[in-house]
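Here's the structure, in structure tokens; my notes come after.
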Amino acid sequence: MKLFLQILLIASSFFLIVAVLLHRGRGGGLSSLFGGGMQSSLSGSSVAEKNLDRITLLLGAVWLISIIGLGLLLKV
């Protein structure tokens, strides 16, 4: 179980870094390279940006759960 959580933590950390770097910054960011630069006329952000937000939140939750799980395993 400990090995699984360690692998999950490393993988989620890497993908969380990538997801955060793909977000649009003040100057456009890397997300504009993958189609995130096209704005919707009705909303402030595009569908790609909203999906990237959801993926980032999911990865953050997985990262947090793996940190808490490892902390509990190491404490015992």
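The values are calculated or read from the model by the stated rules, or taken from the named source; none is laboratory data. Source: prediction; values computed, not measured. Here Cβ is always computed from backbone atoms with ideal geometry, including for glycine, and neighbour counts include all displayed protein chains. The accessibility values were calculated without ligands, DNA or RNA, using every heavy atom of the protein model including side chains. Shrake-Rupley method; radii C 1.70, N 1.55, O 1.52, S 1.80 Å.
Please report the net charge: other residues with Cβ closer than 12 Å to the Cβ of ALA48, K and R +1, D and E -1. Provide the component values of the computation, followed by the final result.
Details: positive: ARG24, LYS50, ARG54; negative: GLU49, ASP53.
With Lys, Arg at +1 and Asp, Glu at -1, the net is +1.
Using heavy-atom solvent-accessible surface (probe 1.4 Å) with all chains present, what is the largest-first order of VAL20, VAL47? Before the final figure, lay out each step's value.
Values: VAL20 85, VAL47 105 Å².
Most to least solvent-accessible, the answer reads VAL47, VAL20.
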